[in-house]
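Remarks on the structure that follows.
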Amino acid sequence: IAPARVVVESHLEGGEHRTLADDVLDGLTKPFKELPPKHFYDARGAELFDRICDLPEYYPTRCERAILQADSASIVDLTGATELVELGSGTAAKTRLLLRAMHEAGTLHRYVPFDVTESMVRASAHELVDEFDGLRVHGIVGDFERHLDRIPPPVTPGPRILAFLGGTIGNFAPGTRRRFLRSLRRLLGEDGYLLVGTDLVKDPAVLEAAYNDAQGVTAEFNRNVLHVLNRELQADFVPDAFEHVAFFDRDREWIEMRLRARRPQRVRVGALGLRVTFAAGEELRTEISAKFTRARIEGDLAASGMELAAQYTDPDGLFALNLASV
Ligand code: AVJ
């Protein structure tokens with residue numbers, strides 16, 4: 001019998017709800033309130049993020065796609081990869097460009113998409129095995145902060161590429177980022193490569209425009225986390241009572257997003273038996289999105305047991321795809 005072309009394993013068993021509850025209890029009781037950005041992405045949040053990617057001010061998605069269009073063949077040539085593992089694969093829209101290049105080079109063997117949304121993993125798996133002759137897909141449904149160890153070992157002797165696209169690495173605080181990079185390093189074996197997308201440091205006006213779009217889509221995306229808390233944890237936030245704030249912190253070189261209380265607020269989080277108050281003007285941090293220089297990327301990789309083998313950027317130098325080896 002022919003081996004199954006698609007295997008999907010799920011590692012989420014209600015654990016998500018626990019993580020949200022823990023993060024909210026922890027984050028809303030800190031002296032400077034904060035929530036981790038991973039909770040933006042319910043169905044509505046994912047849809048708002050897709051709209052952000054099409055905004056004229058939000059360049060990262062377009063730049064990264066342009067880089068993959070221009071440089072996928074070089075990346076495949078340099079690595080000789082037979083397998084692609086992708087963290088946060090989503091619809092695998094950009095990944096197709098890499099898979100296409102591997103297919104054309106005749107090395108494509110297996111794709112391992114990893115995402116929190118099971119329907120996306122399944123849908124992309126079935127589409128891709130139909131699109132690429134001989135491809136096997138081993139999907140993993142999980143949280144990449146908790147389930148990296150569920151990624152299967154390589155099936156072919158050839159090297160694998162572990163891709164982490166979109167600039168999501170920028171959501172980690174610097175220390176956590178290095179710890180995360182070290183855990184990625186362990187998945188590479190001795191001959192694997194990490195392909196990581198990073199937004200680059202540039203004119204603050206360009207950066208700030210990308211997170212303060214004229215149509216207010218990013219503001220809605222930011223407030224969406226409050227809708228998530230209302231629904232999932234029986235909270236009673238009034239999202240419109242919070243104003244969207246996004247600015248470039250020039251010392252830390254990151255974009256920071258916050259929600260600022262327009263007036264004093266009392267909020268109850270039913271599922272946690274928690275009451276929180278916000279003073280007028282008090283801010284809740286909802287995201288950091290680090291922007292990188294080449295030196296910072298090299299430093300982070302070195303601290304994590306890797307080195308920069310090649311860096312690819314778009315013609316305007318706004319965004320980078322970094323290929324790291326061990
Ligand atoms: C998905 C984390 C790469 O930081 O630019 C977009 C998320 N936040 N607009 C980013 C986001 C506000 C995005 N990442």
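The values are calculated or read from the model by the stated rules, or taken from the named source; none is laboratory data. Since this is a predicted model, take the numbers as computed values, not measurements. No Cβ is skipped: glycine too gets one built from the backbone with ideal geometry, and neighbour counts run over all protein chains shown. For the accessible areas, the whole protein counts, side chains as well, though only heavy atoms, and no ligand, DNA or RNA atoms are used. Shrake-Rupley method; radii C 1.70, N 1.55, O 1.52, S 1.80 Å.
Observations
- Look at (1) open to solvent by less than 60 Å² (accessible area, probe 1.4 Å); (2) not in a loop (DSSP other than H, G, I, E, B) and you find that residue 81 fails only one, number (2).
- Pairs, first basic (Lys, Arg) in segment 46-60, second assigned to a helix (DSSP H, G or I) and more than 7 Å from the ligand (Cβ to nearest atom), C-beta under 6 Å, six or more apart: 51/217
- Which listed residue, of 124, 119, 72, is at pLDDT below 95, open to solvent by less than 70 Å² (accessible area, probe 1.4 Å) and not acidic (Asp, Glu): 124
- Among the residues listed as 299, 216, 270, the single one being open to solvent by 20 Å² or more (accessible area, probe 1.4 Å), out of contact with any strand residue (DSSP E or B) (no Cβ under 6 Å at 6 or more places or on another chain), without any contact (Cβ under 8 Å) to a residue 12 or more places away in the chain and among the small types (Gly, Ala, Ser): 299
- Among the residues of segment 36-49, those that are within 13 Å of the chain's Cα centre (by Cα) and either at positive phi or within 12 Å of the ligand (Cβ to nearest atom) (or both) comprise 36, 37, 38, 40, 41, 46, 49.
Rundown of residues vs (1) more than 24 Å from the chain's Cα centre (by Cα); (2) of a type outside the set (Val, Ile, Thr), yes/no style:
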{"position": "244", "(1), (2)": "no, yes"}
{"position": "263", "(1), (2)": "yes, yes"}
{"position": "295", "(1), (2)": "no, yes"}
{"position": "311", "(1), (2)": "no, yes"}
{"position": "326", "(1), (2)": "no, no"}
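- Candidate set: segment 140-178, residues that are hydrophobic (A, V, I, L, M, F, W, C) and more than 25 Å from residue 67 (Cα to Cα); chosen: the one surrounded by the most Cβ atoms within 10 Å (Cβ to Cβ): 140
- Options 184, 195; residue that is under 30 Å from residue 148 (Cβ atoms), away from the ligand (no atom under 16 Å from the Cβ) and surrounded by 17 or more Cβ atoms within 10 Å (Cβ to Cβ): 184
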